[in-house]
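The values are calculated or read from the model by the stated rules, or taken from the named source; none is laboratory data. Every value quoted in this text rests on a predicted model; they were computed, and no experiment measured them. Every residue, glycine among them, receives a Cβ derived from its backbone with ideal geometry; neighbour counts consider all protein chains shown. Just so you know, the surface numbers come from the protein's heavy atoms only, side chains and all, with ligands and any DNA or RNA stripped out. Shrake-Rupley method; radii C 1.70, N 1.55, O 1.52, S 1.80 Å.
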Amino acid sequence: MNIGVLVKPVPDPEQYNTITIDPQTKRLNREGVPSIVNPADKCAIEEALRLKEKFGGKVVVFGMAPPDGREKLLECLAMGADEAVLVSDRAFGGADTLATSYTLVKALEKKAAEGGSFDLILAGNESADGATGHVPAQVGEQIGYNHLSGIVKIESGSESEPSTLTVFQKYENGKNEFTIKLPAVIGVSRDINKPRYTSAMGVIKAKKKPFDIYDTINLEHDKERIGLAGSPTKAGAIFSPDTRRKSEELSGSPEEIAEELVKRIKATGAVIVSGGGCHER
Ligand SMILES: Cc1cc2nc3c(=O)[nH]c(=O)nc-3n(C[C@H](O)[C@H](O)[C@H](O)COP(=O)(O)OP(=O)(O)OC[C@H]3O[C@@H](n4cnc5c(N)ncnc54)[C@H](O)[C@@H]3O)c2cc1C
């Protein structure tokens, strides 16, 4: 089974307080902010490795990120992935989900042309920063594969080369069961498994595994569909909401304070009814 896994390096949540937003470009300043492998994507890698252990084949991780994303993809190779592709170029920067998905699809198609098409593409259900959850479905639509997200369990039956998978999607207090025909794109939730740890041997082996870098030179693409140019979603005004609350100390006897409070509440238009509840006029 030839499995592609989409992996997004995201700012380390522990460091969120060091992230700034560039007032001109309205983009996050990730410079110097340590990143981690998006937690749900580690679960996607774990699921891919388990399927590979059952059916053989290979696991290739794809990440669209600035050059320092290399470290995070090496971490995925140390977990057990076989190959990595870093999709990195300034021109890919500022991409919204549509441009990101388009660029990832181009990378998947290039790799498939070199090493055989992917039977399955796994992704996290959502990233820890943008958290739109758009990308798995957008990749599915653009690459022409069946796709499902929010998956908490994948059953692969006993066939040697499965042509379908049985997957379970969680919602409120129930689960949907689907049979999805391969090739497919599946977005997995963090509840699906507990990713394995990387071993020291894994880290050593990772450095020797195939690692490609795709940029605007070697990746066929429509320049109107990448980066800012390919992003219909534009960040609007960016401001920090004023969360300060005005406080005032009322003085007098408890009765006087209560009377003053009632007067103030009424002044807002709220109607005080007996039994202590309030409702709008
Ligand atoms: C705070 C914030 C808000 C944003 N809001 C929007 C918005 O409303 N609309 C919009 O179009 N864009 C938005 N973006 C930009 C968006 O984050 C990027 O386009 C991003 O690359 C993809 O979207 P996502 O992070 O929401 O991914 P999601 O769709 O949440 O990610 C799901 C999965 O897709 C895969 N994936 C996502 N990005 C990559 C990648 N770069 N490389 C490899 N795999 C990947 C991973 O497996 C991930 O788990 C926002 C970014 C930030 C930081």
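A few notes on this one:
- One compactness figure for segment 155-281 is 2.19, namely its Cα radius of gyration divided by 2.2 N^0.38 Å.
- Shape parameters for segment 1-119, alpha-carbon atoms, Rg then Dmax in Å: 15.1, 50
- A straight Cα-to-Cα reach below 16 Å connects Lys205 with the aspartates and glutamates Glu71, Glu75, Asp82, Glu83, residues fewer than 8 places away in its own chain not being considered.
- Cα convex hull volume per residue for the chain (Å³): 211
- Net length available on complete extension from Asn218 to Arg245 is 4.3 nm, with 0.36 nm assigned per residue and the Cα-Cα distance removed.
- Length gained when the stretch Tyr197-Gln15 is fully extended (0.36 nm per residue, less Cα-Cα span): 63.3 nm
- Accessible area ranking (1.4 Å probe, heavy atoms, ligands and nucleic acids excluded), largest first, for Lys181, Lys52: Lys181, Lys52.
- Accessible surface area normalised per residue over segment 154-218 is 65 Å², counting heavy atoms of protein chains with a 1.4 Å rolling probe.
- Placed amide H near Ser149: partners under 5 Å, 5+ positions off or other chain: Gly187
- Only beta bridges with both residues in the chain are counted; by DSSP, about 45 percent of them are antiparallel.
- Apolar share of the accessible surface for the chain: 52 percent from carbon plus sulfur atoms, 1.4 Å probe.
- Distance in nm between pseudo-label sites at Phe178 and Thr268 (7 Å out along the Cβ direction from Cα): 4.4
- Partners of Lys208 within straight-line reach, counting lysines whose Cα lies under 16 Å from its Cα and excluding those fewer than 8 residues away in the same chain: Lys58, Lys72.
- Amide H contacts of Leu182 (H built 1.01 Å from N, in plane; Pro and chain starts excluded): Thr164, Leu165 sit under 5 Å, all sequence-distant by 5 or more or on other chains.
- Size descriptor, Kirkwood hydrodynamic radius, that averages inverse alpha-carbon separations across segment 17-77, Å: 13.8
- Lysine pair number, Cα distance threshold 25 Å (strictly under), segment 81-188, separation 8 or more or different chains: 7
- Contact order for the chain, expressed relative to its length and based on alpha carbon pairs under 8 Å spaced 6+ residues apart, stands at 22 percent.
- Full-extension gain in nm, Lys170 to Glu141, via 0.36 nm per residue minus C-alpha separation: 8.3 nm
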